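Take a look at the structure below.
Rule-based calculations on the coordinates, nothing more; no lab input. Keep in mind it's a predicted model, so treat the numbers as computed, not measured. Methodologically, a virtual Cβ is constructed for each residue, glycine included, from the backbone with ideal geometry; neighbour enumeration extends over all protein chains shown.
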Amino acid sequence: MQNLSINHWAEADRPREKLEKLGASALSDAELLAILIGSGTPNESAVGLMKRILNGCNNNLNTLGKLSLSDLKQYKGIGPAKAITILAACELGKRRQRAAIEESPILNSSEGIYNYMRTTIQDLDVEEGWMLMLKQNFRLIEAKRISVGGLTMAPVDIRLMMKEALMKNTTVLVFCHNHPSGNTRPSREDDSLTSRIQKACNLLSIYLADHVILTDGAYFSYRDEGKL
């Protein structure tokens, strides 16, 4: 099978199809690299070619990454384009190792919530409602828009909110919406919505941390004002 082109392999053995069905982690180093170089030679598949090169590197990706362009071109079947592709892939791997893991923000204060959301909704001329789903340590899982209205917010589907929260294993929830008028004072409708959200959260053992009303430059926090 090694000397056949990949197109003649059983579908389950083709690297691209294998990745699509099983995920990248199911592929060998040679198979992943074969996807990048695209083709082998008339007498050797892309996977066979990469197995041969890796064998020359003691099957060590770190060693492969230390090869120069001229080193790679010494292998039959590797021209400048394939050599450059391999080196680019190795360099990306190195850079990923050096890169810091980007962590989601911790939103454990009304000010932090406001600073996170203000650029999203501060300039809107219609009201939008957003739910912030958090872990127990208040680290953000996902921010999701759940309502879009006109000058006043469209009705919020509490059942949909709770469904989303449960699907994301949410333990702490924050609701946010903007007031295009610039007035942060909550309306009676805002108070009623907050009460309904809190009751739904209580039934599902989800902690409603806050309801924050945002404008351009100011905000109102139900938690800070003792209304939660």
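Residue exposure proxy: I37, I84, ordered by other Cβ atoms within 10 angstrom of their Cβ from fewest to most, comes out as I84, I37.
Amide H of E142: which non-local residues (sequence gap of 5 or more, or other chain) have their own amide H closer than 5 Å, using H built in the peptide plane? Correct list: M133.
The alpha carbon centroids of region 71-112 and region 118-134 are separated by 34 Å. For helix 46-56, what angle does its Cα long axis make with the longest principal axis of the chain, in degrees from 0 to 90 and rounded to 10? That works out to roughly 80 degrees. Calculated FRET efficiency, N62 to D157, Cβ-Cβ distance, R0 = 45 Å: about 0.30 to the nearest 0.05. Distances between placed amide hydrogens fall under 5 Å for D210 paired with F175, all partners being 5 or more residues away or on another chain.
Residues of region 104-132 with the amide nitrogen closer than 20 Å to a label point 7 Å from the Cα of D216, along Cα-to-Cβ, please. Of the residues in region 104-132, 114-130 have backbone N under 20 Å from the label point off D216. Taking every DSSP bridge with both residues inside the chain, close to 75 percent are antiparallel. Remark: relative contact order (the chain) = 13 percent; criterion is Cα-Cα distance under 8 angstrom and separation of 6 or more residues. Taking Cα atoms, how many degrees apart are the long axis of helix 110-121 and the longest axis of the chain, rounded to 10 and kept between 0 and 90? So the helix axis and the longest Cα principal axis differ by about 70 degrees. Entry note, the chain: the mean residue ellipticity at 222 nm calculated from DSSP H runs of n ≥ 4, each adding -39500 (n - 2.57), is -12500 deg cm²/dmol after division by the residues and rounding to the nearest 500. Could you check which residue among Y114, Y207, Y75 shows the biggest mean-square fluctuation in a GNM of the chain with a 10 Å Cα cutoff? Result for the chain, Cα springs under 10 Å: Y75 fluctuates most. Straight-distance candidates among the lysines for linking to K82, with alpha-carbon spacing under 29 Å and chain neighbours fewer than 8 residues away dropped: K18, K21, K51, K66, K73, K94.
In plain terms, the bigger the Kirkwood radius, the slower the diffusion; for region 63-185, with that radius from Cα pairs, at 4 °C and 1.567 mPa s, Stokes-Einstein puts D at 71 µm²/s.
The phi-based Karplus calculation (6.51 cos²θ - 1.76 cosθ + 1.60; θ = phi - 60°) puts the 3J(HN,Hα) values of region 216-225 at 7, x, 8, 7, 10, 10, 4, 5, 5, 8 Hz, whole numbers, x for Gly and Pro. Rounded to the nearest whole Hz, the Karplus-based 3J(HN,Hα) values (6.51 cos²θ - 1.76 cosθ + 1.60, θ = phi - 60°) of region 184-200 follow the sequence 7, 5, x, 8, 4, 5, 5, 5, 5, 4, 4, 4, 5, 5, 5, 5, 5, with x at glycine and proline. Here P(r) over Cα pairs in 10 Å bins from 0, in percent was computed from the coordinates, and among [x] 8, 34, 38, 18, 3, 0; [y] 8, 32, 35, 19, 5, 0; [z] 7, 25, 18, 9, 15, 17, 8, 1 the match is [z]. Each residue of region 134-146 is assigned a 3J(HN,Hα), and the resulting list reads 10, 7, 4, 8, 6, 7, 5, 8, 6, 9, 9, 6, 10 Hz, derived from the Karplus form 6.51 cos²θ - 1.76 cosθ + 1.60 (θ = phi - 60°), x at Gly and Pro.
When you restrict to C-alpha pairs under 8 Å that are six or more residues apart and normalise by the size of region 86-206, the relative contact order lands at 24 percent.
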